[in-house]
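The values are calculated or read from the model by the stated rules, or taken from the named source; none is laboratory data. Being a predicted model, the structure only gives us computed values, none of them experimental. FYI the Cβ positions are ideal-geometry reconstructions off the backbone, even for glycines, and counts take in every protein chain you see.
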Amino acid sequence: MTTSFDAELDRPSEECGVIGISTPGDDAARSAFFGLYALQHRGQEAAGIAASDGQVVRLHRDQGLVSQVFEAGNLDPLKGGMAIGHTRYSTTGANSERNVQPYVVETLHGPLGVAHNGNLVNTDQLRSTLLERGAGLQSSSDSEVIALMLAASEGTTWEDRLATVMPQWQGAFSLVLICATKVIAARDPWGFRPLSMGRLASGGHVVASETGALQTLGCDQIREIEPGEIVVLQGQVARSHRAVEPKEKQARCTFEHIYFSRPDAVWDGLSVHQARQRLGEELAREHPVDADVVIPVPDSSMPAAIGYAAVSGITYNEGFVKNRYIGRTFIEPTDELRRQGVKLKFNMLKENIAGKRVVVIDDSIVRGTTSGPLVRMVREAGASEVHVRITCPPIAHPCFFGVDMGSYDELIAHQLGVPEISDHIGADSLGFLSVDRMMKALGRDDGYCNACFTGSYPIPVQLSLATTKQRFDGVLG
């Protein structure tokens, strides 16, 4: 099944969000449900929760939004003071039931549930080794590979087994596990994907992909789980130790600041909202233009547009009205609606645009399929000029670490230069923020993965695959 229309297909897509909870009560699954609600933006195609009462791990998962997958009837059986949850975005062709997480497997050491955010670049090698050993793989996700490697690993505890296999995993993983008696979280030594933890008022603990989910559940003492760290949650106790030394060159994903994270998140000690506002400020300094109004493409570009307006002195206003409830639809539109394209996602406030020179602030241009229609909508609303400004550099290279950006032949910045892209989308001018200015806005010299802009990957990848980037079921976890 494919999506007939989705404006978000011209955005980088995060693969999932994860949450893990240990409480002294008996209703961790319900807390996980509300935590997943706060992570819904990280994946809209599937969701699942696994819970343990100290003896049995019970699971419910399905395709759909968190609110569609869970109701009282299927949450009530998930009893216990421990739970993990997952909300998933899949790549094209990968949205199938067998790839929905968490995975729960029975092992010689008892039940094990796994939920994973990221992508291992050596999955093929790991899968081959498991198959040679007689493992029965039921899906094509690297998350299942992680689960089966853990099940076959040596060690007296699950955290011991995790520490044993972590050095074999090359790539991005922020991971939550559940067994009968504990919840375990771990983060890769490069620090690609976010993972934070906090303390509940009840005395339990929560780990989650974003700090906003922790705040939703009333956590305090919030901190980022360090690269290479393992955290064990058991009742009201949280223990941690370093399983793998952090890599000397860290590789946090810059797109968490640019687009993925909610604006209330804190990532690498930085407020995402403030980081986006500074991206807009630097964009105004690097690409000024004479204009009358600055408008954002909602929602992630709104702080950047505020920053651009503040530095440029150009009035900030809203121009696009976003339909926040259209989501990712699998309903086939009529031919007439299909021709409307992004108008299914946005309407215009013509009174704020008519007769004006407009600066449109957006977070990225990936395939170039949405920017052109957005520019046309602004012109149809009466703008005399349309100048597009992007809060990141041109995306000219695929991501292999858990972000769906497409392959080389799909990335417009790999095919065309900036003037040609400007002509392609019909703008009067186009400006991308440079890598240097972007990092200046973040206040960082290094420690981030910018491979999608520069082509310099922090881990060697099979670039021979990049022209036909793998999109079969569940390559990205």
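Can Ile225 be described as of a type in the set (A, V, I, L, M), under 19 Å from the mean Cα position of the chain (by Cα), within 28 Å of Met405 (Cα to Cα) and not assigned by TED's automatic domain parsing to the domain that holds Gly204?
When the stated conditions are applied, Ile225 does not pass them.
Restricting the search to the stretch 266-281, which residues are surrounded by fewer than 24 Cβ atoms within 10 Å (Cβ to Cβ) and in contact with a Leu (Cβ under 7 Å, 6 or more places away or on another chain)?
Leu270
If the Cβ limit is 9 Å and pairs must be 6+ apart or interchain, which residue in the stretch 408-422 that is outside the structural domain of Thr369 (by TED's automatic domain parsing) pairs with which residue that is assigned to a helix (DSSP H, G or I) and surrounded by fewer than 16 Cβ atoms within 10 Å (Cβ to Cβ)?
Filtered contacts from the stretch 408-422: no entries.
Being part of a helix (DSSP H, G or I) and of a type outside the set (Gly, Ala, Ser) is the filter; apply it to the stretch 107-131 and report the residue that is modelled with the lowest pLDDT.
Looking at residues that are part of a helix (DSSP H, G or I) and of a type outside the set (Gly, Ala, Ser), I get Leu131.
If a residue counts only when it is farther than 15 Å from Val100 by Cβ, which strands (runs of 3 or more DSSP E) contained entirely in the stretch 9-88 have at least 3 such residues? First the steps, then the outcome.
Values: elements: 16-22, 46-52, 57-63, 82-88.
Hits in the stretch 9-88: 16-22.
Would you check if Val294 is more than 25 Å from Ala208 (Cβ to Cβ) and buried (at least 19 other Cβ atoms within 10 Å of the Cβ)?
yes
In the stretch 190-215, how many are surrounded by fewer than 24 Cβ atoms within 10 Å (Cβ to Cβ) and not in a strand (DSSP E or B)?
6
Can you name the residue in the stretch 157-189 that is in contact (Cβ under 8 Å) with a residue 24 or more places away in the chain and over 18 Å from Ala115 (Cβ atoms) and, of all such residues, is surrounded by the most Cβ atoms within 10 Å (Cβ to Cβ)?
Pro189
Table: residues versus (1) farther than 17 Å from Arg278 by Cα; (2) at pLDDT 95 or above.
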residue: Asp299; (1), (2): no, no
residue: Tyr316; (1), (2): no, yes
residue: Gly319; (1), (2): yes, yes
residue: Lys322; (1), (2): yes, no
residue: Gly355; (1), (2): yes, yes
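Filtering the stretch 245-261 down to residues that are among the charged types (D, E, K, R) and either part of a loop (DSSP other than H, G, I, E, B) or more than 17 Å from the chain's Cα centre (by Cα) (or both), which residue is surrounded by the most Cβ atoms within 10 Å (Cβ to Cβ)?
Within the stretch 245-261, the subset among the charged types (D, E, K, R) is 245, 247-249, 252, 256.
So of that shortlist, the ones also either part of a loop (DSSP other than H, G, I, E, B) or more than 17 Å from the chain's Cα centre (by Cα) (or both) come out as 245, 247-249.
On the way: Glu245: 10, Lys247: 15, Glu248: 6, Lys249: 11.
If we take residues in the stretch 245-261 being among the charged types (D, E, K, R) and either part of a loop (DSSP other than H, G, I, E, B) or more than 17 Å from the chain's Cα centre (by Cα) (or both), then Lys247 is surrounded by the most Cβ atoms within 10 Å (Cβ to Cβ).
Each row is one residue, and each column tells you yes or no for (1) among the basic types (Lys, Arg); (2) surrounded by fewer than 23 Cβ atoms within 10 Å (Cβ to Cβ); (3) at pLDDT below 90.
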position	(1), (2), (3)
Ile21	no, no, no
Asp26	no, yes, yes
Leu36	no, no, no
Arg58	yes, yes, no
Glu71	no, yes, no
Ala83	no, no, no
Ser90	no, no, yes
